[in-house]
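Worksheet for the structure shown next.
The values are calculated or read from the model by the stated rules, or taken from the named source; none is laboratory data. Just so it is clear, the model here is predicted, and its values are computed rather than measured. Please note: Cβ atoms are built from the backbone with ideal geometry, for glycine as well, and neighbour counts cover all protein chains shown.
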């Protein structure tokens with residue numbers, strides 16, 4: 001039996017019950033404390049939610065938290081001006097000093113960065129003379145030129161800037177230097193692995209997201225005379241909202257689409273629905289509580305999630321756990337989760353080809369209910385075997401042992 005390690009986990013985002021990055025930080029902390037003494041460095045802003053989570057889920061003997069934030073003026077600027085990336089970079093720089101002090105005081109065996117799970121950003125764990133693991137990280141799923149939001153100037157500017165930032169990270173060597181500062185870089189998408197390979201760094205592929213299967217009971221939905229599609233998430237261009245609506249229109253079916261979530265692209269999406277005459281087949285539910293989203297899965301036949309550069313996609317795993325097959329694009333984290341037989345992946349191509357592919361997938365599920373049920377059952381099985389948090393904890397524990405054995 002391997003010995004308990006002293007692990008310092010850097011998790012800027014770490015809150016139970018919130019999904020997305022906060023859930024990633026929380027779950028990695030809980031999982032690794034099953035085997036090791038884990039100290040989590042996270043934001044002071046997260047403390048109330050973490051305390052409530054510990055009271056609800058139970059304290060763990062090997063788990064403790066250190067809370068750290070920048071001074072109040074920086075917090076106010078972050079909230080008022082939306083300087084989230086700048087604040088995060090400054091937090092990492094400040095956290096580096098905190099970690100240096102903690103390493104002097106405690107003989108840690110391992111440092112591990114888990115959130116944010118973005119490979120473009122700096123991490124505070126490097127350069128302390130202690131073996132470090134970076135990841136799982138992702139974010140190098142750049143949007144193809146043919147699918148850029150040419151009709152939407154603000155979104156176009158953001159996506160071009162993101163693509164350029166990714167290219168610059170590789171060309172300047174910044175990505176490679178960051179990865180080689182760790183004993184092991186773990187990546188969550190094939191695109192990020194390819195970017196590191198281009199920088200001369202080999203990595204380990206392990207999706208960053210996971211799920212507790214017990215939270216999802218397979219539904220027994222009442223039959224309907226049309227295909228019921230669900231999209232859940234922020235209404236942003238890169239989430240594939242426009243592709244979903246245009247694909248629905250091009251499908252030639254009576255399928256209906258419900259969008260749960262809100263975001264800057266909602267107004268454009270609502271305008272597009274009116275232009276295409278889909279008002280009676282597309283419903284905008286707006287922002288809803290997470291509990292309501294979880295309860296809603298049993299009311300639908302399939303998840304439509306054509307995101308253009310999603311590193312993970314918690315709602316996708318939740319839908320699969322609830323036996324919903326998924327229609328997604330063959331890129332990023334969804335392409336790893338939705339294997340053959342778990343859903344339908346649409347290959348990337350021209351804008352017209354992708355819309356036609358989404359439409360064809362919708363038609364296929366509309367015409368073949370038995371295929372939907374088969375794919376849904378296989379989706380739940382795949383998630384249980386590969387994305388259950390307990391299983392992912394076991395995998396990460398074995399990685400810890402491998403890194404230290406070197």
Notebook entry, point to check: Within segment 265-304, how many residues are modelled with pLDDT of 95 or more and out of contact with any strand residue (DSSP E or B) (no Cβ under 7 Å at 6 or more places or on another chain)?
Noted result: 13
Notebook entry, point to check: In segment 1-13, what count of residues is obtained for those that are out of contact with any strand residue (DSSP E or B) (no Cβ under 7 Å at 6 or more places or on another chain) and in contact (Cβ under 8 Å) with a residue 12 or more places away in the chain?
Noted result: 1
Notebook entry, point to check: From the list 146, 193, 182, which residue is modelled with pLDDT of 90 or more and part of a loop (DSSP other than H, G, I, E, B)?
Noted result: 182
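Residues checked against (1) within 22 Å of residue 299 (Cα to Cα); (2) buried (at least 24 other Cβ atoms within 10 Å of the Cβ); (3) touching a helix residue (DSSP H, G or I) at 6+ places or on another chain (Cβ under 7 Å):
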| site | (1), (2), (3) |
| --- | --- |
| 328 | yes, yes, yes |
| 342 | yes, no, yes |
| 356 | no, no, yes |
| 359 | yes, no, yes |
| 372 | yes, no, yes |
| 379 | yes, yes, yes |
| 396 | no, no, yes |
Note to self: Against the definition (touching a strand residue (DSSP E or B) at 6+ places or on another chain (Cβ under 9 Å), outside any helix (DSSP H, G or I) and either at negative phi or surrounded by 13 or more Cβ atoms within 10 Å (Cβ to Cβ) (or both)), how does residue 64 come out, yes or no?
What the structure shows: yes
Check: Got a number for residues in segment 14-29 being surrounded by fewer than 21 Cβ atoms within 10 Å (Cβ to Cβ) and in contact with a strand residue (DSSP E or B) (Cβ under 7 Å, 6 or more places away or on another chain)?
Finding: 0
Check: Are any of the residues in segment 317-333 at positive phi and in a helix (DSSP H, G or I)?
Finding: yes
Next item on the list: Please indicate, with yes or no, whether at least one residue in segment 75-82 is in contact with a helix residue (DSSP H, G or I) (Cβ under 6 Å, 6 or more places away or on another chain), farther than 25 Å from residue 206 by Cβ and without any contact (Cβ under 8 Å) to a residue 24 or more places away in the chain.
Entry: yes
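Kindly evaluate residue 48 against the criterion of being closer than 28 Å to residue 234 by Cα, at pLDDT 90 or above and part of a loop (DSSP other than H, G, I, E, B).
no
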Margin query: So, in segment 212-228, exactly how many residues are crowded, with 23+ Cβ neighbours inside 10 Å and either under 21 Å from the mean Cα position of the chain (by Cα) or without any contact (Cβ under 8 Å) to a residue 12 or more places away in the chain (or both)?
Written below: 0
Notebook entry, point to check: Any idea which of (1) closer than 23 Å to residue 124 by Cβ; (2) crowded, with 18+ Cβ neighbours inside 10 Å is the one residue 35 doesn't satisfy?
Noted result: (1)
Item checked: Condition met for residue 284 (in contact (Cβ under 8 Å) with a residue 24 or more places away in the chain and in contact with a helix residue (DSSP H, G or I) (Cβ under 6 Å, 6 or more places away or on another chain)) -> no
Note to self: Checking residue 292 against (1) without any contact (Cβ under 8 Å) to a residue 60 or more places away in the chain; (2) assigned by TED's automatic domain parsing to the domain that holds residue 331; (3) surrounded by fewer than 16 Cβ atoms within 10 Å (Cβ to Cβ); (4) touching a helix residue (DSSP H, G or I) at 6+ places or on another chain (Cβ under 9 Å): exactly one of these is not met. Which one?
What the structure shows: (4)
Next item on the list: Say whether the condition of being under 21 Å from the mean Cα position of the chain (by Cα) and assigned to a helix (DSSP H, G or I) is met by at least one residue in segment 128-139.
Entry: no
Next item on the list: Evaluate segment 31-49: report whether one residue or more is in the same structural domain as residue 104 (by TED's automatic domain parsing) and closer than 17 Å to residue 290 by Cα.
Entry: yes
Notebook entry, point to check: Do the conditions hold for residue 174, that is, is it more than 27 Å from residue 15 (Cα to Cα) and crowded, with 18+ Cβ neighbours inside 10 Å?
Noted result: no
